[in-house]
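Structure record follows, encoded as structure tokens.
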Amino acid sequence: MGIEFRSGGYVRHVLMGGRTIKDGEAAAIWNVNGVHKQIIGPRRVYMYNSTIRFLARHKAESHQYIRISHCDGRVEHKYGPAALYQNPALHDSVSVHDGIRLLSENECIVVYNDSKSSADRNSVPKEVEIATPTEEIADTESESGPKCHGEKQRRKVIKGPTLFLPALGETVREFEWSGRDSDGAFTQSQNIFKILKTDPNRVLSLSLSITTADSAQFTANMSFQYNMNSLDKCLDSMDPIEKMYDGILADVRSFGDTVTSDQLRAGEQVAVMDRLVSLETYPLLCLAAKAAGFVIDSAWVTGLSYCATLQRQANDEQH
């Protein structure tokens with residue numbers, strides 16, 4: 001019998017003899033005719049020309065669920081606290097998944113489900129803490145949601161604080177937004193997440209290369225404060241940060257065409273800085289943000305750096 005608990009890696013052919021299945025263990029046994037039975041310990045079993053395989057145990061705590069893919073094609077969610085022995089005669093796969101904890105009212109997730117699975121949530125045990133949608137948009141076919149050919153999708157927005165455990169057929173949307181990588185470069189799909197934060201304190205920081213009307217270059221480190229004013233528009237946008245970034249690039253190109261290198265070196269530099277922090281300089285950014293459900297509140301410069309030629313001319317003037 002031994003002290004160690006045996007799991008799915010223990011498989012033996014027994015010509016004649018017995019095995020003790022301890023309390024906390026389970027085994028599948030196939031006799032000489034291939035007939036299967038499952039034994040959950042504690043129990044002593046005797047076998048003749050049989051195969052015994054001990055079973056892996058899966059456990060879900062109160063914030064988790066077990067996803068079971070049965071051999072007959074059924075899929076089941078078993079909500080914790082629960083345990084299950086994975087039996088190859090009954091299950092194709094068994095896996096344990098965490099629920100999604102939303103800590104505050106400023107956090108939400110977007111859940112899509114097909115019409116066939118809409119009733120599955122009613123089977124969730126009442127003792128399990130589980131989220132209910134705070135907003136539902138029926139039969140949506142948004143480009144940002146998961147595709148399900150031949151069936152309409154329903155979109156639910158679930159806001160915190162709560163714990164969400166999905167029912168069958170429910171898919172939590174995974175957002176892929178652009179952002180700055182470790183080198184500071186703007187990259188698509190840099191931020192991948194499921195929990196969308198709706199709090200107003202958002203800041204987009206960028207390093208913008210600007211070419212002046214006389215082909216000089218300088219870099220402005222900019223920060224833009226913005227907030228969400230339409231969750232629906234945000235959800236319908238695949239990547240609002242990319243759209244706002246494209247708007248900023250177009251705006252700074254137009255801005256650069258109105259600035260000369262002389263203005264950056266002379267006393268007009270303050271006026272250039274004032275224009276850089278004015279939202280009137282960024283009309284395309286503001287339009288892109290509005291279309292994606294956001295409002296730009298303010299902008300500020302965190303640093304300026306000149307190209308080598310401009311910096312050398314500025315140094316010469318100081319001396």
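The values are calculated or read from the model by the stated rules, or taken from the named source; none is laboratory data. Given the structure is predicted, the values throughout are model-derived calculations rather than measurements. No Cβ is skipped: glycine too gets one built from the backbone with ideal geometry, and neighbour counts run over all protein chains shown. Each accessible area value is taken on the protein alone, full model and side chains, heavy atoms only, with ligands, DNA and RNA left out. Shrake-Rupley method; radii C 1.70, N 1.55, O 1.52, S 1.80 Å.
Got at least one residue in the range 285-304 being touching an Asp or Glu at 6+ places or on another chain (Cβ under 7 Å) and charged (D, E, K, R)?
No, that holds for no residue.
Out of all the residues in the range 111-132, is one or more open to solvent by less than 30 Å² (accessible area, probe 1.4 Å), at pLDDT 90 or above and assigned to a strand (DSSP E or B)?
Yes, the range 111-132 contains a residue that is open to solvent by less than 30 Å² (accessible area, probe 1.4 Å), at pLDDT 90 or above and assigned to a strand (DSSP E or B).
Starting from the range 203-224, take each residue that is in contact (Cβ under 8 Å) with a residue 12 or more places away in the chain and list its partners that are basic (Lys, Arg) and in a strand (DSSP E or B), counting only C-beta distances under 6 angstrom and pairs at least six apart or across chains.
Once the first residue is in contact (Cβ under 8 Å) with a residue 12 or more places away in the chain and sits in the range 203-224, no partner that is basic (Lys, Arg) and in a strand (DSSP E or B) comes close enough.
So in the range 278-308, with the set limited to residues that are under 16 Å from ILE210 (Cα atoms) and of a type in the set (Val, Ile, Thr), which one is surrounded by the most Cβ atoms within 10 Å (Cβ to Cβ)?
THR281
Can you work out which of the residues in the range 168-195 that are over 17 Å from ILE241 (Cα atoms) and among the acidic types (Asp, Glu) is least open to solvent (accessible area, probe 1.4 Å)?
Top of the filtered list is GLU170.
Could you run through the range 201-241 and say how many residues are open to solvent by 50 Å² or more (accessible area, probe 1.4 Å), among the charged types (D, E, K, R) and not in a helix (DSSP H, G or I)?
1
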